[in-house]
Each structure stands twice: as structure tokens, then as C-alpha cells.
1. Looking at the range 242-341 from every direction and averaging, what is the projected area of its Cα convex hull in nm²?
2. Quick check: Cα centre of the range 49-78 to Cα centre of the range 235-298, how many Å?
3. Lysine pairs in the range 190-296 8 or more apart or on different chains: how many have alpha carbons under 30 angstrom apart?
4. For Ala136, what charge total do you get from the other residues with a beta carbon under 9 Å from its beta carbon, if Lys and Arg give +1 and Asp and Glu give -1?
5. Ranking Met279, Met1, Met166 by Cβ neighbours within 10 Å, fewest first, what do you get?
6. Hey, fewest Cβ within 10 Å first, where do Glu19, Glu31, Glu248 land in order?
7. Based on DSSP H runs of at least 4 residues, each adding -39500 (n - 2.57), what is the mean residue ellipticity at 222 nm of the chain after dividing by all its residues, to the nearest 500 deg cm²/dmol?
8. For the range 306-335, state which trypsin sites (Lys or Arg not before Pro) are in a DSSP loop and have at most 12 other beta carbons lying within 10 Å of their beta carbon.
Amino acid sequence: MSKVYFYKTKSVDFIEISEIAKSLLKRISDENNISFHENVPIKVHFGEEGNITYIPAIAYEGIIDYLESKNVRSSFIETNVLYRGSRTTRTRHTKLAIEHGFTRLPIIIADGELGEDYYEEEINKLYFDKCKIGLAFKDYSQYIVCSHFKGHVIAGFGGAVKQLAMGFSARSGKMAQHSQMQPTVFESQCISCGDCIEKCDVGAIKLDGKAYIDKSLCIGCAICIAVCNIGAINHDWNADHFLEKLAEYAYAAAIGKENIYINFVQNITKDCDCFSTQMSPLTDNIGLLISLDPVAIDTACLDILQEQIGSKIFDSGRKTLEYSEELGLGSRKYDLVRCNK
């Protein structure tokens, strides 16, 4: 059974929330004799352009202060998204992060300019033999994995496990989880410019009036999605066994890592922070949770939220937690330590 530390607060003041995060990090560190590495990046989500309910930069100040008190160097680390938007390339992604106030630490986009930089983690599980993880994640073996706990249209909810699965994977890894590996050209939108052909390293894209993808050659890297300036190349979001695939990628991302997981249960919206629209929270803020176990912390967050709302909201995501436990990523059984009784 894993310990999950819980600080209950309805506060909307992220300066206060930052100090709570600092106190929780100190407590879990002291009680578990955690030895911090020389350099410990903070895994965050910078928020999509137009979204106002993501966890803002100020919320991480306390975590950074605590790491500095331990003489630990840090950075903000993230990967590019699969869909077209303000976080599709490293250049645009970094620009948005700075605009959103993430300026105190260096910014690392782990999978390169277009998502082309990755390493393969061998797991030999049911859905994947190998998982494609952003290359820069190989440089460190300890992370503070910070997640905004909220809804997700396919995953049920997003928390620590999804932050590992999608947040650590390169663009082609995201593609593998979301779809059947290969993107598609929508001929009605294609202007035959040839940009995708030039950037395809395996020669899978041809031009016959309109661009088309030779599925026998395509390796599913999804770089063509990033370089198509008019959005004529896309993918199928309706992946078979998506919830289980999330679990396998989370498992792969955590191999060899001594992570600490912090879930911010504020601004709990129906959809995720990748939506470039303004959304309203579903309920009052709940607080912050911290654990060494990503499965336990997500299970605790879901249990507490469902109890507060009085419904089985986001419950489809429990399938990911169940399979994650089977894989050995963590435990759904937890000991909830209330830190402000």
C-alpha cells in the first residue's frame, strides 16, 4: 500500500498553493529519506494558447525554492503535442511557455523541434514491444512530475499516469497511443506544396495531384502533421485499447526513474488543458496530493473528486489504473495521509 499525502484546500490563490506544494515536497522528502539528484527537472504542462485553467507558472515557485534549498538544479521539461497548435514545434512551444510565465528555469522540449528526437524503451508488453520517449528524458533519472488533475475526452481523466504516458512520449509515441500509427492526408485540403514530402525521412509521402501516404513505408513518426501548414494531414483519434496503451507508455516512461508525483486538483474542468478555449471548473478546488506512486495518487484524486461531486465522473479512466497496477507501475491501494487535519 502506497502513501499519498493530501492537503485539502479550496484556495484559488496559486501563491498559497505554491507554498503548500513546497511543504508537501519537504514532508515526503523528510519522511522517506529521499536523496535528490544533482539535476531534477520539473515535468509540467505549459497550457494551450487561449486556455485559462491550466496550472500557472507561479504554482511551481515553491517547488523550485525547495530544490534550490537542496542545491538541486532544475528545468521545466515537456514534449511537443501531436495535433496542430501553438505547441506543435519546439520553437512555438517554447515561445508560448515564456508568454505563460515559465521563465524562472530553462525550458527543455524533450523530443526536439518536430518531435523527431526520441529513444526506445523496451517493455515487451501486450500492445507495445518498445515505446518512443522524448530523448532528453534519458538524460535524467529523477523528476518532479506535476500534473493537473482534470477530465479528458478519451482517457476519462488526466493525472500522473497520463502525464507519464503522453507527457514523456515523443510525437510518434503519442501517435502510437492515439491511433493505428499512421497519419492520413485529407485531399480536399491538400494544396500540393510538397512540404511534407521534403520532410519525410523514409520517402513515404508521394505526390499524385495531391499528396498521399504510402502506408507500407510510413513509420508513424507524425512529423508530417507538424510541417503541414494548412492542417491537411491528421490522424484517427479513435484508437483501440487507448486506455491500456496509456498504461504501457506510462510504465515505459517510469522505468529507471526515481520520480515524485504532485497532482494539483484545482480548476477541475471536463476537458484537458490542450483545449484552446476557456472552460469553467466543475466543482470547488480540492487541494494538492503528493506520492511516490503514480497509480496511487491518481486513484486517490479520483476517489476524493467522486466523493465531493457525488457521482462516478471520469470513472472510465479506472481501466488505465487497473492495467497500470497489473504492469507493476504502482498500486491502487493507498494510505491517505491528511496533512492539514
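Values quoted throughout were computed directly from the atomic coordinates according to the rules given, and no laboratory measurement underlies them. Source: prediction; values computed, not measured. Every residue, glycine among them, receives a Cβ derived from its backbone with ideal geometry; neighbour counts consider all protein chains shown.
1. 7.3
2. 17
3. Here the count comes out as 7.
4. -2
5. Arranged by neighbour count, lowest to highest, Met279, Met1, Met166 become Met1, Met279, Met166.
6. Going from sparsest to densest Cβ surroundings: Glu31, Glu19, Glu248.
7. Calculated mean residue ellipticity at 222 nm is -8500 deg cm²/dmol.
8. Those that pass, being in a loop and sparsely packed, are Lys312, Lys333.
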